[in-house]
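Just so you know, all these numbers are worked out from the coordinates, no wet-lab data involved. Remember, predicted model here, so these are calculated numbers, not experimental data. So basically every Cβ, Gly included, is an ideal-geometry build from the backbone, and we count neighbours across all protein chains shown.
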Number of protein chains: 2
Amino acid sequence: MKIIVDAMGGDHAPQAPVAAAVKAVSEMGVQIILVGKRDVLENELKKNNYSGQDITIEDADDVVSNHEEPVKAVRTKKNASVVVAANMLKDGKGDAMLSMGNTGALLAAGLLIVGRIKGILRPALAALLPSAKGPKMLIDAGANTNCKAENLVQFGIMGSIYMKNVLEIENPTVGLMSNGEEEGKGDELTKETFPLLKNAPVNFIGNIEGRDVMEGTADVITCDGFVGNVILKTVEGMGHVVSQKIKGIFLKNIFSKIGALFVMSGINEFKQTMDYREYGGAPLLGTKKPVIKGHGSSDAKAVFSAIYQAKKFVETNVIEEIVKNVNGMEGKIND
Amino acid sequence: MKIIVDAMGGDHAPQAPVAAAVKAVSEMGVQIILVGKRDVLENELKKNNYSGQDITIEDADDVVSNHEEPVKAVRTKKNASVVVAANMLKDGKGDAMLSMGNTGALLAAGLLIVGRIKGILRPALAALLPSAKGPKMLIDAGANTNCKAENLVQFGIMGSIYMKNVLEIENPTVGLMSNGEEEGKGDELTKETFPLLKNAPVNFIGNIEGRDVMEGTADVITCDGFVGNVILKTVEGMGHVVSQKIKGIFLKNIFSKIGALFVMSGINEFKQTMDYREYGGAPLLGTKKPVIKGHGSSDAKAVFSAIYQAKKFVETNVIEEIVKNVNGMEGKIND
């Protein structure tokens, strides 16, 4: 299996992607194509003492920065690493692609270059969030605004398949994010979506609320991408503030530092369950081939998790199953 | 000043409202009208050794439970405590009202009985959230779904006035909740709202994102009530999960319990800044008279804070200023 990695995107590129690639080829038995500036990447591989055959480099001398308008950048920068990577995926030169760079650019490359599965109205970004009951999926986490009911139903179906295959959750539950649990609650969109999800091929548990995100009430949370993006960033922001505050408490004085020693293992365990780096990246679901967005601040460990996730995404035939479920027996990936 | 308190609503009614009322009349110099079952409330006042003249009881032998359909309940249960309280407020028998009961019922009573300020299209629930920079306002936190741009602008204006007058924040900043900071980001609603807020009489700082909620980037966060409700409950749910986890870490074994002793003061201080009970209740902004929703789980301390807030809401002429700002010089409270 060949995984294409945009080695120029993200806060810790190219160090993190290259280090993760070196570890992945040795531990996962995959091949990696690093996309980016050849001399930079060769130099980085040398630093990692890598001289094997399982990592190859595809030259791409441009990048899309975080401040560029994504669609325009993807359309005009033919030599940007994310564009080159997406074209390779489309052309069958790899089995999945991963980028830690500009989210919008990856979404645009996925949509415009890799392409939608026939019958999928809008691909969605599916973020894995920590919860009291393990990782849960938030879909759409920000690829689409102004969604229709049919979009939210497809998000639920695609999310269920991913959670079943990749996270090995049997019969994953799907909750519809709303402003109240009762069936009658919601805005126009969720009220229209509710009966459709009831009849969809998913384990629908009804409306859920914001407090269910961290409680882990549903394995898959389906919502409009505007709402999902707000949830994702609210959780990230709160995690950041809380961990800063706790750090401050322990570093306050000599007594608190002594206290910290007694609870360090528990705190570290807690931090680990809340650590996005354990969960890999956010798959883009609904494209013809596996595309994964790694967090912009991914270190080598996080990129490694995301590569592992990409491998499992391919191995467990998520896309084939989406095609079958969305289009019935006639479903097929359109060319 | 007379504050009308629905003494039958909330998880800790009537104990918490009655205890808070007894403390409030002695410390704040206000008068309180407790609305609810007379014998129950008289008994509760006795338990608190209260025999003064500043607390009176208004008999209401019915309640709206949390599971009832709010609008229907308010229309049919003429003797429900929240309905009696709202009618007293409307009739000038008190200066403000407070309820810890069914949120929907309070909103319905505010809208249908107390009434909208002329020119305010939709009153909004304004929740005060803890942040790294002190309490910030989220408006609308759940009174309205499917808002229009004009609604969000009015929420921003009303929220600014409240934060300036009641929380004494000079020139409060207003942020528009969106899925990206740039002006072009957002869904149809926020894109339409952005230019209107630019021209509104508020200190508009542009789009903000979910992570800004806890960072405290804006003093007032304006958004549709569906989105606001999801944010509010996500933050509440995360706070609950995190504090449970931290408690678990400290109670794990004898060593962690010793460790806890060393950092207890810091943890308590942190808990206090994150404690909704410090911030009082959520004002309903846009009604002709001050209506405040206390948290359903309010203890006596939280009800006391909410009474204090109601007092300040009245004293600082928030409603008069909303009327002026919304309707220009001709603005007046319609009868």
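Over region B:240-321, the reciprocal of the mean inverse Cα-Cα separation, the Kirkwood hydrodynamic radius, stands at 15.2 Å. At the listed q of 0.17 Å⁻¹, the Debye profile of region B:174-260, built from one uniform point per Cα, gives log10 I(q)/I(0) equal to -0.72.
Listed cross-link partners A:Lys233/B:Lys133; A:Lys136/A:Lys312; B:Lys164/B:Lys301 are compared with a 21 Å cut-off, the Cα-Cα value being larger for B:Lys164/B:Lys301. The Cβ shell under 11 Å around B:Asp59 holds other residues with a net charge of -3, Lys and Arg each +1, Asp and Glu each -1.
Please work out, to two decimal places, the log10 of the ratio I(q)/I(0) at q = 0.14, 0.23 Å⁻¹ from a Debye calculation in which every Cα of region B:97-138 carries one identical scatterer. Calculated log10 I(q)/I(0) at the listed q: -0.44, -0.86.
I'd like the mean, over residues of A:221-229, of how many other protein chain beta carbons sit within 10 Å of each residue's own Cβ.
Values: counts 0, 0, 1, 4, 2, 12, 8, 3, 7.
Whole-number average of other-chain Cβ neighbours for A:221-229 is 4.
Taking K and R as +1 and D and E as -1, what net charge do the other residues with C-beta under 13 Å from the C-beta of A:Lys247 add up to?
Around A:Lys247, the charge tally is +4.
Only one residue of A:Ile231, B:Ala16, B:Val83 has its Cα farthest out toward the positive end of the dipole of the protein assembly as shown, where Lys and Arg carry +1 and Asp and Glu -1 on Cβ, and that residue is B:Ala16. Here the Karplus curve 6.51 cos²θ - 1.76 cosθ + 1.60, taken at θ = phi - 60°, turns the phi angles of region A:72-77 into couplings of 4, 4, 5, 6, 9, 8 Hz, with x standing for Gly and Pro. If R0 equals 30 Å, the separation of the Cβ atoms of B:Phe255 and B:Asp11 corresponds to a calculated FRET efficiency of about 0.25.
Using 0.36 nm per residue, how much length does the chain from A:Arg38 to A:Glu150 gain when fully extended, once their Cα-Cα distance is taken away? Mind dumping the intermediate values first?
Working: separation 112, 0.36 × 112 = 40.32 nm, distance 4.36 nm.
Difference between extended and current length: 36.0 nm.
The amide H of B:Gly206, built 1.01 Å from its N in the peptide plane, has B:Leu176 as neighbours under 5 Å, considering only residues 5 or more places off or on other chains. Starting from the label point of B:Met264 at 7 Å along Cα→Cβ, the same points in the other copies fall at 2.4 nm, in ascending order. Once the C-beta distance of B:His67 and B:Ser297 is scaled by a Förster radius of 22 Å, the resulting FRET efficiency is 0.85 to the nearest 0.05. Summary for A:Lys301: label point 7 Å along Cα→Cβ; distances to the equivalent points in the other copies, ascending, 3.6 nm.
Along its three principal directions, the equivalent ellipsoid of region B:122-283 from the Cα gyration tensor extends over semi-axes of 34, 16, 13 Å, largest first.
Looking at the calculated P(r) for the protein assembly as shown, what percent of the C-alpha pair distances fall above 32 Å? Spell out each step's value before the answer.
Details: 122918 of 224115 pairs.
Cα-Cα pairs of the protein assembly as shown separated by over 32 Å account for 55 percent.
Seen from every direction in turn and averaged, the convex hull around the alpha carbons of chain A projects onto 18.3 nm².
FRET efficiency for the pair A:Thr76 and A:Glu320, taken as 1/(1 + (r/R0)^6) with r the Cβ-Cβ distance and R0 = 30 Å, rounds to 0.35. Determine the sum of side-chain charges near A:Ala149: Lys and Arg each +1, Asp and Glu each -1, restricted to other residues whose C-beta is under 15 angstrom from that of A:Ala149. Net of charged neighbours comes to -3. Per-residue mean of foreign Cβ neighbours for B:145-151 is 2 (Cβ atoms of other chains, 10 Å radius). The H on the amide N of A:Asp187, modeled in the peptide plane, is under 5 Å from the matching H of A:Asn179, each at least 5 residues off or on a different chain. Which links in B:Lys47/B:Lys93; A:Lys289/A:Lys311; B:Lys118/B:Lys324 stretch past 20 Å when you go from one Cα to the other? From B:Lys47/B:Lys93; A:Lys289/A:Lys311; B:Lys118/B:Lys324, over 20 Å: B:Lys47/B:Lys93. Label points for B:Lys245 are taken 7 Å from Cα along Cα→Cβ. From this copy to the others they lie 1.4 nm apart, shortest first.
Distance between the C-alpha centres of region B:45-94 and region B:228-288: 31 Å, rounded to the whole angstrom.
Just tell me how shielded A:252-259 is by partners: mean number of partner chain Cβ atoms within 10 Å of each residue's Cβ, no decimals. Numbers along the way, then the final one.
On the way: counts 5, 4, 1, 6, 7, 2, 5, 11.
That works out to 5 on average.
Given in Å, the Rg to one decimal and the Dmax to the nearest whole number for the Cα atoms of region B:40-154 are 16.8, 52.
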